[in-house]
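The values are calculated or read from the model by the stated rules, or taken from the named source; none is laboratory data. Values in this document were obtained by computation on a predicted structure and should not be read as measured data. Glycine gets a Cβ as well: all are built from the backbone with ideal geometry, and neighbour counts include every protein chain shown.
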Amino acid sequence: MSRHLAIDLGASSGRVALGTLEDGRLSTRILHRFPNGGVQVQGRLYWDVLGLWREVLHGLKLAAETGEPISSVGVNSWAVDYALLGAQGDLMGGGVRHYRDPRTAGQMERAFEKVGRDEIYARTGIQFLPFNTAYQWLAEDPQTLRSAHTALMVPDLLHFWLCGVAVTEQTNASTTQLYDPGVGDWSAALLHGLGLPTQLFPKIVPPGTVLGPLSPEVEALTGLRGVQVIAPATHDTASAVAAVPASGPGWAYISSGTWSLVGTETARPVINADTLRHNLTNEAGVGGTTRLLKNIMGLWMVQECCRLWGVTDYAALYAEAARVPSGAVIDPDDARFLAPFDMQAQVQAACRETGQAEPATRPEVVRVILDSLAHKVAAALHILEEVSGQAIHTVHVVGGGSQIALLNGLIADASGRTVIAGPVEATLEGNLLVQAAALGLLEAGQVREVVQRSVDLKTFLPSALSSPVHSEVS
Ligand code: ADP
Ligand code: LRH
């Protein structure tokens, strides 16, 4: 039997969990859960990374209080964001900027002038999104860059604070659009071409790298002893996909949370004219795999409505949305939905501008969002099938959004495929099991079998009357 701690920082919430691996099964206990989100000040949007650190320390303290012997701990988080550190390891530039911060406006176009769009894609295989790390870097203040010593992605920063080792883990590095999967390292050509300070980019290590013991300071703050820090798949989507309870060929996944990440797993990157045309991404996965996927705007749209409405009970809201009929279908990937704003008004305007009925009540607004996400997901599945040449018959939905029965059913109907929902905490499970594999307690290839044995799943079949969607996505 072994015990491990996973720290999962999602864009909407974080958790610290204790996982116990025994007889080929994993049981996961969430010790501490806390909210997360952007903090706006003077037109800028940051993450409260020190607040997150405080919550992490609290969670680790609760872990120590269980009195159970714990072998290791690892952190994963949302992608693309990073901290700049000074020579003494101090946080620079006001902390960690949020990827939805307006500073990236126009930066992608600047990058295309410097390097060229096709070359960026050919070297990285990463979907063009305005907030990718590459474009955030272009918005940095040159003065700050001159005095910076190193740059760490969010989970790497937490690992640095936990054990003092400053490296970048590969799965999250791949989301920067500065990582070249062909060479397995930062793309020297892109860093030079974009004029970025190469010396700030740390060594890249694969998921499942043992970094070292907790620092004496963290041991004193938490009461934990003898715990190794292990970099899991630090990109949350990579950890989630590692724990998709699938077997055999013919399946796709949706990591359903703030974003809907819809994809397949491939043995190697698929970078060609078709994937470029469809703006598909090739992110690094566990065990040398690639996540060929599409980012879709996701439940952020509902989260933002809820923030506006002061609603916190998602289950009740989705139950109400299930009682109203389907209405308009809009494009959730319209850039108008990206930044924190009046989401309800944006959804209503998008319906109006496309000549569709405007949703009036809260459940109607949510219904438009879910119907639209389901259509976009179905279109993405169609493209993935076309590009990979692999038929997809089953769609595994994992993450917080897998609890939304209405959305699972809508996806089954819109795609004409079987949907299997769960686990809700796939990211935690992937994180924990990659740690166990790193310590030799599990074969890396057995991770999905352990998840299959350990969780309850729900199946949603397409209804006989549904008509699957085959439209294009951009
Ligand atoms: P992230 O890691 O991106 O922050 P999660 O995987 O935690 O996101 O998923 C968060 C989403 O899960 C919420 O936006 C909400 O739509 C959905 N959700 C959370 N709790 C429930 C629930 N009890 N019932 C249905 N859906 C829920
Ligand atoms: C989901 C996620 C996704 C990224 C986004 C920025 O949490 O990691 O994979 O594209 O955050």
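Of all residue pairs spaced 6 or more apart or on separate chains, those with beta-carbon atoms under 6 Å, a first member in the range 334-360 that is within 13 Å of residue 305 (Cβ to Cβ) and a second member that is acidic (Asp, Glu) are 343/304; 348/358.
For the range 1-30, a tally of residues being within 16 Å of ligand 1 (Cβ to nearest atom), in a strand (DSSP E or B) and either of a type outside the set (Val, Ile, Thr) or free of Cβ contacts under 8 Å to residues at least 40 places away in the same chain (or both) returns 7. Checking the conditions here, which among 356, 344 is crowded, with 16+ Cβ neighbours inside 10 Å and not β-branched (Val, Ile, Thr)? Exactly one residue qualifies, and that residue is 344.
Would you confirm, using the coordinates I've provided, whether residue 406 is in contact with a helix residue (DSSP H, G or I) (Cβ under 6 Å, 6 or more places away or on another chain), surrounded by 24 or more Cβ atoms within 10 Å (Cβ to Cβ) and over 24 Å from residue 9 (Cβ atoms)? It is false that residue 406 is in contact with a helix residue (DSSP H, G or I) (Cβ under 6 Å, 6 or more places away or on another chain), surrounded by 24 or more Cβ atoms within 10 Å (Cβ to Cβ) and over 24 Å from residue 9 (Cβ atoms). Note on the range 100-115: residues that are surrounded by 20 or more Cβ atoms within 10 Å (Cβ to Cβ) and over 25 Å from the mean Cα position of the chain (by Cα) total 0.
Consider residue 73 carefully, then state whether it is in a loop (DSSP other than H, G, I, E, B), within 29 Å of residue 211 (Cα to Cα) and either in contact with a Cys (Cβ under 6 Å, 6 or more places away or on another chain) or away from ligand 1 (no atom under 16 Å from the Cβ) (or both). Spelling it out, it is not the case that residue 73 is in a loop (DSSP other than H, G, I, E, B), within 29 Å of residue 211 (Cα to Cα) and either in contact with a Cys (Cβ under 6 Å, 6 or more places away or on another chain) or away from ligand 1 (no atom under 16 Å from the Cβ) (or both).
Name the residues in the range 76-92 that are of a type outside the set (A, V, I, L, M, F, W, C) and either assigned to a helix (DSSP H, G or I) or farther than 22 Å from residue 13 by Cβ (or both), would you? Once the filter is applied, which keeps residues that are of a type outside the set (A, V, I, L, M, F, W, C) and either assigned to a helix (DSSP H, G or I) or farther than 22 Å from residue 13 by Cβ (or both), the range 76-92 yields 86, 88, 89, 90. If you filter the range 116-137 down to residues that are more than 21 Å from the chain's Cα centre (by Cα) and crowded, with 19+ Cβ neighbours inside 10 Å, you find that the one that is nearest to residue 334 (Cα to Cα) is 120.
Filtering the range 418-436 to residues that are farther than 23 Å from residue 33 by Cα and surrounded by fewer than 24 Cβ atoms within 10 Å (Cβ to Cβ) leaves 418, 420. Checking the stated criteria, residue 50 turns out not to satisfy the condition of being modelled with pLDDT of 95 or more, touching a Ser or Thr at 6+ places or on another chain (Cβ under 6 Å) and not charged (D, E, K, R). Scanning the range 63-81 for residues that are surrounded by 21 or more Cβ atoms within 10 Å (Cβ to Cβ) and in contact with a strand residue (DSSP E or B) (Cβ under 6 Å, 6 or more places away or on another chain) yields 63, 70, 72, 73, 74, 75, 76, 77, 79, 81. Counted as qualifying within the range 380-466 are the strands (runs of 3 or more DSSP E) with 2 or more residues that are within 16 Å of ligand 2 (Cβ to nearest atom), namely 394-398.
Regarding residue 254, is this residue in contact with a His (Cβ under 8 Å, 6 or more places away or on another chain) and more than 20 Å from residue 27 (Cα to Cα)?
Answer is yes for this residue.
Among the helices (runs of 4 or more DSSP H) confined to the range 149-220, the ones with at least 1 residues that are aromatic (Phe, Trp, Tyr) are located at 154-163. For the range 225-277, filtering for residues that are of a type in the set (Asp, Glu), surrounded by fewer than 24 Cβ atoms within 10 Å (Cβ to Cβ) and either assigned to a strand (DSSP E or B) or under 20 Å from the mean Cα position of the chain (by Cα) (or both) leaves 1.
Can we say residue 328 is assigned by TED's automatic domain parsing to the domain that holds residue 402 and either within 16 Å of ligand 1 (Cβ to nearest atom) or among the acidic types (Asp, Glu) (or both)?
So residue 328 does not fit the description; no.
Counting only residues that are away from ligand 2 (no atom under 15 Å from the Cβ) and not aliphatic (A, V, I, L, M), how many does the range 240-263 have?
Going through the range 240-263 one residue at a time, the tally reaches 6.
Scanning the range 281-291 for residues that are away from ligand 2 (no atom under 13 Å from the Cβ) and in a loop (DSSP other than H, G, I, E, B) yields one hit, 289. Considering the range 40-56, the residues that are surrounded by fewer than 16 Cβ atoms within 10 Å (Cβ to Cβ), in contact (Cβ under 8 Å) with a residue 12 or more places away in the chain and among the hydrophobic types (A, V, I, L, M, F, W, C) include one that is nearest to residue 169 (Cα to Cα), namely 53. Highlighted here are the helices (runs of 4 or more DSSP H) found entirely within the range 295-376 that include at least 3 residues which are more than 30 Å from residue 41 (Cβ to Cβ): 314-322, 343-353. Would you confirm, using the coordinates I've provided, whether residue 35 is within 16 Å of ligand 2 (Cβ to nearest atom), modelled with pLDDT of 95 or more and surrounded by fewer than 17 Cβ atoms within 10 Å (Cβ to Cβ)? Yes.
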